[in-house]
Each structure stands twice: as C-alpha cells, then as structure tokens.
Amino acid sequence: MPHPLRSAEVLSVLATERKSAEVTDWAARIGWLVGLVLFVALVYWLMREGWKWRGTLQSDLPALPTAPADPGAPQLTLHGRYHGSTTAGQWLDRIVAHGLGARSRVELTLTARGLDVVRPGANDFFVPADRIRGARLDKGIAGKVLAEGGLLVITWAHGERLIDSGFRSDHAAEHTAWVEALAAPADTPLHTTITEGADR
C-alpha cells in the first residue's frame, strides 16, 4: 500500500508541472498571435503600397467623365455590384486610378447618350455612347471569379486605353439584354437596339 505522504508529494509535483506547462503554453500562444498580427499587418502594408504604386503608374489616365445634366431617358437599368476595371483583354491588369479599383454597389443606367455608373461610397462616372465598344458575358475580372457567364463585362474607351469594367446584376438574367443592347455599332443610336431587361 502506497505511503500517504509520498502520494501527496507526487500529486503536488504533478500539479506544479501542470501549472508550469500551462504558463509555457500561454506564452507560446501569445507569441504566435503577435507574430500572426505582425504578418497580417505586413501583408496589408505591402498590398496598400502596391495599390498606390499601381495608381502612380496609371496617372496618365484622364479624369473620369461625369454625367451630363440631361443624360436622357433610361432605356435599361441594372442594380448590383461593380467588381472592378482592367485593361481590355487582360483580366488581371487591374486599373485603380480615379477609384476604378474600388468594388462597390452600383446602379447602371443606359440611355441614348451613354452609360451612367452610380456607385454609393465610390466615384461615379459616365461613359459617352460613342466610347462604348461592346459587352460580353464572362466569369472573372481583377481577382473576382464567378460562375461561367456570371459577370457582365462592358468595354469602353477612355483616353488612349480600352477598359473592361465588370458588373454583376442582382438578377443575372438581365445580363443578356445588356449584351444585346451594347452590341450595336458605335454609330448606331443606342435606343434603336435597346430591349427591356428580364423580369425581376
């Protein structure tokens, strides 16, 4: 039969070891947590600097046009999200100048005079009708990948650049009507090819 005093000593030693182990574990966890926070902060800083540098490289991009006082009667409207803009045909070459890199909610309105892009919390802009080069259904732009055909990409000219801007309607069935409407030649009045959007 074990000696009562010796058993008590063993239990005391085990309890002390447990407490020491717990202190060591907490120190390691805090160390890992601090390291993780520093790593995330470094990645964020690098991304921010890269964003600023990209904006500097795109400083030759002219200021975005604004909507005229009388943009004309709406022919098509779309509510959804703006996912970004890239150099046309290069879906990873993000354009960040003038706020074009900021994702946001969006309301698109197409009239005979052009495309009005209203973005709550970000820069609005207007694409005159003679600068619209077409539209297509796609699945990705600037790091955002969706299902095949889940993205409406509108190509337009600005300054010396051709730009692809990606939008996703809250009702994806509307995309087809936009592609058909914007497929008209640049010298054809937009209102002659506009069709009503799909039922919501």
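The values are calculated or read from the model by the stated rules, or taken from the named source; none is laboratory data. Worth saying up front: this structure is predicted, and the values here are computed from it rather than measured. FYI the Cβ positions are ideal-geometry reconstructions off the backbone, even for glycines, and counts take in every protein chain you see. What goes into the accessible areas is simple: the full protein's heavy atoms, side chains included, and nothing from ligands, DNA or RNA. Shrake-Rupley method; radii C 1.70, N 1.55, O 1.52, S 1.80 Å.
For region 67-134, the solvent-accessible area of protein heavy atoms averages 43 Å² per residue (probe radius 1.4 Å; ligands and nucleic acids excluded). Expressed as a whole percent, the accessible area of region 116-172 that falls on carbon and sulfur atoms is 47 (1.4 Å probe). In the neighborhood of residue 122, defined by Cβ-to-Cβ distances under 9 Å, what is the net charge if each Lys or Arg adds +1 and each Asp or Glu adds -1? Result for the local shell: +2.
Near residue 84, the amide H atoms lying under 5 Å from its own belong to 166; only residues 5 or more places off or on other chains count, and H is placed 1.01 Å from N. The coefficient of translational diffusion for region 95-183, derived via Stokes-Einstein from the alpha carbon Kirkwood radius under 37 °C and 0.692 mPa s, stands at 245 µm²/s.
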